[in-house]
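The values are calculated or read from the model by the stated rules, or taken from the named source; none is laboratory data. It should be emphasised that the depicted structure is a prediction, and the values quoted were computed from it without experimental measurement. As a convention, Cβ positions derive from the backbone with ideal geometry for all residues, glycine included, and neighbour counts pool all protein chains shown. In case anyone asks, the SASA skips ligands and DNA or RNA and just uses the protein heavy atoms, side chains included. Shrake-Rupley method; radii C 1.70, N 1.55, O 1.52, S 1.80 Å.
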Amino acid sequence: MTIEDQDKTQTVRLSVLGMRCAGCVGEVEGALRAVPGVASADVNFADHTAIVRGGADIEALKTAVREAGFDAAVMEGLDDLGGQDEQEEARYLSLLNKAKVAAILGVPLMLGAHFNWFPELGTVAGARFWGIVSALTLGVMYYSGGHFYRGAINSFKHRQANMDTLIALGTGAAWFFSTAAIDFADILPKGSNHAYFEAAAIILAFINLGSALEMKARGKTSSAIRQLIGLQPRTARVVREGLEIDVPIADIGLGETLRVRPGEKIAVDGVVMEGHSSIDESMLTGESIPVEKGAGADVVAGTINGNGSFLFQATRIGRDTLLAHIISSVRLAQASKPAISRLVDKVAGVFVPVVVGIAAFTFLVWWIFGPTPALGYAFVTAMTVLVIACPCALGLATPISIMVAVGRAAQKGILIRNGDALQTAGKLTCVVLDKTGTVTKGKPSVASVEAADGFEVDGILRLAASLETGSEHPLASAIIAEADQRGLERLPVQAFQAVLGRGVQATIEEHAVLLGNQAYMDENGVDCGELSERIQALAKQGQTPVLLAADGKAIGLISVADPIKADSAAAIAKLKELGVRVLMVTGDNPVTAQAIAAQAGITEVRAQVMPQDKAAVVKELQGRGEVVGMVGDGINDAPALAQADVGFAIGTGTDIAIESGDVVIMRGSLLKVADAMMLSRATVLNIKQNLFGAFIYNTLAIPIAAGVLYPAFGLLLNPMIAGAAMALSSVTVVTNANRLRSQ
């Protein structure tokens, strides 16, 4: 399903309770995808949520999850993490209590077995003592391990296997074997009449403790979302019937007038009506420098007001605000699955059944070929294989890194919309840049004003601004803005006339005044004289010269340019340091394009390329084996952004085109493209580290648990140590993923 298709469907976010491994992910996804109307379902094991797209009934979705042996609740609103936090905290405390109860029984049993404190099996005293221990262990298994056994039964009903299956088989076998040994100690092989109640209890203690520690560590991964949600105030001051009153933000309507006082957070998106202040927009851009705002300026929910006070009109509220879109984009990206994650899901889907088969094979080998007591060795090794092979770390390896990386990117003003983009961005070999608004500011400004002999610079600019007052051309806006900045008053204009593609003319103080390009001057018989050479020189610099003539004589020259952004040159240099080929593609003329490229440090340029043809350029590069990233404004460059392996949509303020690219650069700095690439590389490396650790752990641990070292070294892995190692492996993966928070 494409991004465009996803946006047209209903998206439901569910909190899923009861998942304990990668196998659970497959079960929940399978259950959700089987519901009529579901277009796609992606389950994130890292934060125990599911993103479901389509037109399915919500109650049907919840029912499907419950029938699969789990529980689900719909997550709504921006602050639904509060309820999730409460559930997580309750779950954390519950796991700790279950670990404590299991340890209270298991530790004394383990010490007693080591120091021979307890009566032997096969004696009257032993039968009484171990009978009581059996009952106590069964109670502990019910309290501390009941969720595992219920999960295993539900999986069995659906003909599946997961972590619960392994734990239930391992600890359940320990209890049944030990209980049977109480009554049948005499018929068991000598040395096999040993009780393993302490193993069942300690394994449950370690696994519950590991799950609790993992949950605590996972809590850090949602910090970016929590910070974004925390940006939105609970109330806002609304002006109604001349009175300023505080109301919940849910009660704010479109078009209402709101007052923002010094230091307050802005509640909804809007336009400043009255007043002036500076706004901290670091939540949008990652940049800490405040942005000046006056009448007509856009303000965004979640940004923080400085020392001024102003009134603004609400233009976007609720889920339509930019902050809500950002939070939604981050959540969807965190739940998405890159190619490497989908591969891991497939592996995890067959991993548990394979482990059960290995455990059964291990049991048979030890029983048939093992030393005395063969049955005892067979049982211990099979149980150890089952316990140590639980694929928790494998299931966490990818999603936990994706969550941290996407959250970290959002804090830096980079919105990553899907996991594939995060994985691919670091592999880019070529980056194609649009010129206007990407390399340049996208807003023309006056670069210089020159006057002919006998005239003053301010006089030239005053005449030009007076002429351009009636024009809507972008160059006119630049000239007028420069005149306003210098405090120049306009002169009365008569008989105004605009000639498309040429310029404007009018009568000012009884003089015939013309303003336009050289072709316009030539058509009207104006001799440019001494300004001709300057016109050519400015054009080579990428500037647009505008000539001013009065009564048939050129009297001044105004140069208008779209300057490159302050950090464009540094960004291009950074991309080249990363080994990326940089190509600028623009619809501008070759002279201007080459001039801008030279200022930015770009050596490859394609000029006079129409927006609809930019996608063909990207496709051509891909045909040559390049992995292409396209950076554009997100609207005019939409086809090229879609064609690229990774599309970077450059956005500015509330006009951001969030839905246009795979990655959205919030404030238009090209340095963020390099940042996204470096974060991508760090994330992929982190995922590989996690997967290597998880695979190596299971690859090495399973043979050792099966007893491969015993013939040569006489070493066997204790089931209790296996339980601790399995639990701590997940904590290690989560801890490693959280290192991305410092990128």
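For the pair Ile696 and Ala360, a Förster radius of 25 Å applied to the C-beta separation gives a FRET efficiency near 0.55, rounded to the nearest 0.05. Each 10 Å bin from zero up to the one holding the largest Cα-Cα distance in the range 446-533 carries the following percent of pairs: 16, 52, 31, 1. At full extension, Asp613 and Val124 could sit 167.0 nm farther apart than now, given 0.36 nm per residue minus the alpha carbon distance. Note on exposure: Lys565, Lys100 ranked by accessible area (1.4 Å probe, complete protein assembly) read Lys100, Lys565, with the most exposed listed first. Heavy-atom accessible area for His276, with the other protein chains in place and a 1.4 Å probe, reaches approximately 110 Å².
Sorting Phe310, Phe118, Phe713 by accessible area puts them as Phe713, Phe118, Phe310; the probe is 1.4 Å, largest comes first, and only protein heavy atoms count.
Full extension of the chain between Arg150 and Val107 gives 13.0 nm of extra length, using 0.36 nm per residue less the Cα-Cα distance. Largest to smallest in accessible area, the residues Lys540, Lys412, Lys293, Lys576 fall in the order Lys540, Lys576, Lys412, Lys293 (1.4 Å probe, all protein chains included).
Cross-link pairs exceeding 20 Å in C-alpha to C-alpha distance, out of Lys574/Lys688; Lys293/Lys672; Lys441/Lys672, comprise Lys574/Lys688; Lys293/Lys672. With the convex hull drawn over the C-alpha atoms of the range 492-562, the volume per residue is 88 Å³. The distance between label points at Tyr142 and Glu489 comes to 9.5 nm (points 7 Å beyond Cα on the Cα→Cβ vector).
Each label was represented as a point 7 Å from its Cα along the Cα-to-Cβ direction; for Ser532 and Gln497 these points are 2.6 nm apart. With the whole protein complex present, Trp130 retains an accessible surface near 30 Å², based on a 1.4 Å probe. In this structure, Leu17 and Ile245 have a Cβ-Cβ separation that, at R0 = 51 Å, corresponds to a calculated FRET efficiency of about 0.80. The local environment of Gly145, defined by Cβ-Cβ distances under 11 Å, has a net charge of +1 under the rule Lys, Arg +1 and Asp, Glu -1.
Cross-linked pairs Lys540/Lys565; Lys565/Lys619; Lys100/Lys157; Lys412/Lys565; Lys540/Lys619; Lys443/Lys553: Cα-Cα separations exceed 23 Å for Lys565/Lys619; Lys100/Lys157; Lys540/Lys619; Lys443/Lys553. Counting heavy atoms of the protein chains alone, Tyr697 has an accessible area of about 40 Å² for a 1.4 Å probe. Ligands, DNA and RNA left out, the accessible area of the range 551-698 computed with a 1.4 Å probe is 56% carbon and sulfur. Taking the average, over residues, of other Cβ atoms within 10 Å as the packing measure, peptides 643-650, 599-606 rank 643-650, 599-606 from highest down.
Assuming R0 = 30 Å, what is the FRET efficiency of Glu67 and Leu93, from their Cβ-Cβ distance, to the nearest 0.05? Step by step, r from the Cβ atoms, then E = 0.60.
If you take every residue apart from Asn97 with its C-beta less than 14 Å away from the C-beta of Asn97, what net charge results, scoring Lys and Arg +1 and Asp and Glu -1? Around Asn97, the surrounding residues sum to +2.
Normalising the Debye intensity of the range 443-496 to I(0), with uniform scatterers on Cα atoms only, and taking log10 at q = 0.26, 0.27, 0.29 Å⁻¹ returns -1.07, -1.12, -1.22. Taking a Cβ cut-off of under 15 Å around Glu244, the surrounding Lys, Arg, Asp and Glu residues balance to a net charge of -2, with basic ones at +1 and acidic ones at -1. Kirkwood hydrodynamic radius computed over the range 501-628 comes to 17.2 Å, based on all pairs of distinct alpha carbons.
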